[in-house]
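What follows is calculated from the coordinates using simple rules that are stated; it is not laboratory data. Every value quoted in this text rests on a predicted model; they were computed, and no experiment measured them. Glycine gets a Cβ as well: all are built from the backbone with ideal geometry, and neighbour counts include every protein chain shown.
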Amino acid sequence: MTGRLCSQPMTVMNDSVQASTRRLYSDVQWLTSVSPPRNHAHVASLNRVADYISGTLKKLRCRTETQTFRVNGKEYRNEIASFGPVSGPRIVVGAHYDVCGDQPGADDNASAVAGLLEIARLLDEGQPELKYRIDLVAYSLEEPPYFATEHMGSAVHARSLHKAGVQVKAMICLEMIGYFSEKPDSQQFTDEKLRQLYPTTGNFIIVVGKTGQEALTAQVKQLMKKHASIPVESINLPASMGLAGLSDHRNYWPYGIEAVMINDTSFLRNPNYHEKTDTIDTLDFDKMTQVVRGVYGVITGL
């Protein structure tokens, strides 16, 4: 299904629960309809989205909280849902809900927010026995002008965990999980060496980690492949390379937390990146459902 609903809702089995394509579509549809766009300048729009996320999470059997922070005199919000043990090590799964400018942001990053909400529903429905506490976090202010600054919502969250002495098993960042293509040479690369190592058709999802995180990256990849019917690739790059830390996971590294990104390769595949053409009809919801299934398998299997 690409950008439209089938006559019958598609569900994907993952153990005893079902990931719903229809729910993913509905969430992306709502998020991309927010006007004015949900960027840093439109706090009212960001608050509408935060209310939507919080309202969805509060319907589930989980613990919820709102983490507020101020930037340049304005208040922003991270919305958090926790499942499993109250204490002990955690797995953090995060996605940002703001957009860069005046675009609907279907892939960047409504796709990942919808995925985060669907994972929450699956945890509620399946009630799996969790070894670690699972914190699902929806962040504000990932995009410019605050990207790579201390004002990112994920930077605020990571600092708060460090200050509280929280032990984090792993952080998994969901960043653009909805754009796929079956066209030959639809996958672009930064250099020829990578072209020789990875598929040239953009129909896969990739796990991105920094050098030194090879074990976690490999484990996440294998668990995703076990639970999802979608090609899964992985890569580890030096943290000094821009491609290694292009989202919220970067803010956990300074505290010694292993953090990886689940991504459709962003601007190396999606021509609508940070454009007004980043609309819901460009997304592949069948494949997105598989990504969600895979990530659920990761967080329940680590």
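Quick check on packing: order 76-88, 109-121 by the mean number of other C-beta atoms within 10 Å, highest mean leading.
On the way: 76-88: 19.0, 109-121: 27.4.
The peptides rank, most packed first, as 109-121, 76-88.
How much FRET efficiency would the formula 1/(1 + (r/R0)^6) give for residue 240 and residue 130, where r is the Cβ-Cβ distance and R0 is 30 Å, rounded to 0.05? It would help to have the intermediate numbers written out before the result.
Working: r = 35 Å, r/R0 = 1.17.
Approximately 0.30, to the nearest 0.05.
When ranked by the protection proxy of mean other Cβ atoms within 10 Å per residue, highest first, what sequence do the peptides 130-140, 209-219 form?
Numbers: 130-140: 23.3, 209-219: 17.7.
Averaged packing, sorted descending, gives the order 130-140, 209-219.
For labels at residue 233 and residue 59 in the simple 7 Å Cα→Cβ model, what's the distance in nm?
Each label point is offset 7 Å from its Cα along the Cβ direction, giving 3.7 nm.
How large is ³J(HN,Hα) for each residue in segment 66-79, as worked out from phi by the Karplus curve 6.51 cos²θ - 1.76 cosθ + 1.60 (θ = phi - 60°), to whole Hz, x for Gly and Pro?
So the Karplus estimates, Gly and Pro as x, are 10, 9, 9, 8, 10, 9, 6, x, 10, 9, 10, 9, 9, 10 Hz.
Does segment 214-302 classify as rounded, prolate or oblate by the C-alpha gyration tensor (a ≥ b ≥ c root eigenvalues; a/c under 1.5 gives rounded; else a/b over b/c gives prolate, otherwise oblate)? Please list the in-between numbers first.
Details: a/c = 2.12, a/b = 1.14, b/c = 1.87.
Verdict is oblate for segment 214-302.
Can you list the aspartates and glutamates whose alpha carbon sits under 17 Å from that of residue 276, skipping same-chain ones fewer than 8 residues off?
Cross-link targets: 98, 102, 107, 108, 143.
Give the average over all directions of the projected area of the C-alpha convex hull of the chain, one decimal, in nm². Present the calculation step by step, with values, prior to reporting the outcome.
Numbers: hull surface 57.0 nm².
Hull-based average projected area comes out at 14.3 nm².
With each pseudo-label sitting 7 Å past Cα toward Cβ, what's the residue 255-residue 183 distance in nm, one decimal?
Spacing of the two 7 Å Cα→Cβ label points: 4.2 nm.
Strictly over 32 Å apart at the Cα level, which of 59/163; 163/287; 163/193; 74/226 would you flag in this model? The partial results should precede the final answer.
Working: 59/163 30 Å; 163/287 38 Å; 163/193 41 Å; 74/226 44 Å.
In this structure, 163/287; 163/193; 74/226 exceed 32 Å between Cα atoms.
For residue 94, which sequence-distant residues (separation of 5 or more, or a different chain) have an amide H within less than 5 Å of its own amide H, given hydrogens modelled in the peptide plane?
137, 172, 173, 174
Taking R0 as 41 Å, what FRET efficiency do you get between residue 167 and residue 277 from their Cβ-Cβ distance, rounded to the nearest 0.05? It would help to have the intermediate numbers written out before the result.
Numbers: r = 42 Å, r/R0 = 1.04.
After rounding to 0.05, the efficiency reads 0.45.
List the DSSP H helices in the chain whose Cα atoms stretch 18 Å or more along the helix axis and whose mean Kyte-Doolittle hydropathy is at least 0.0.
Numbers: long enough: 43-57 (21 Å, 0.57); 111-126 (22 Å, 0.79); 214-227 (20 Å, -0.63); 285-301 (24 Å, 0.39).
TM-like helix candidates: 43-57, 111-126, 285-301.
Contour minus end-to-end for residue 35 and residue 87, with contour as 0.36 nm per residue of separation and end-to-end as the Cα-Cα distance? All intermediate terms of the calculation are to be shown ahead of the outcome.
Values: separation 52, 0.36 × 52 = 18.72 nm, distance 3.92 nm.
Result for the pair: 14.8 nm of gain on full extension.
Separation of segment 163-223 and segment 286-302 by C-alpha centroid, Å?
14 Å
Looking at the chain only, what percent of DSSP beta bridges run antiparallel? Nearest 5 please.
Working: 22 of 45 bridges.
Expressed as a percentage, antiparallel bridges in the chain total about 50.
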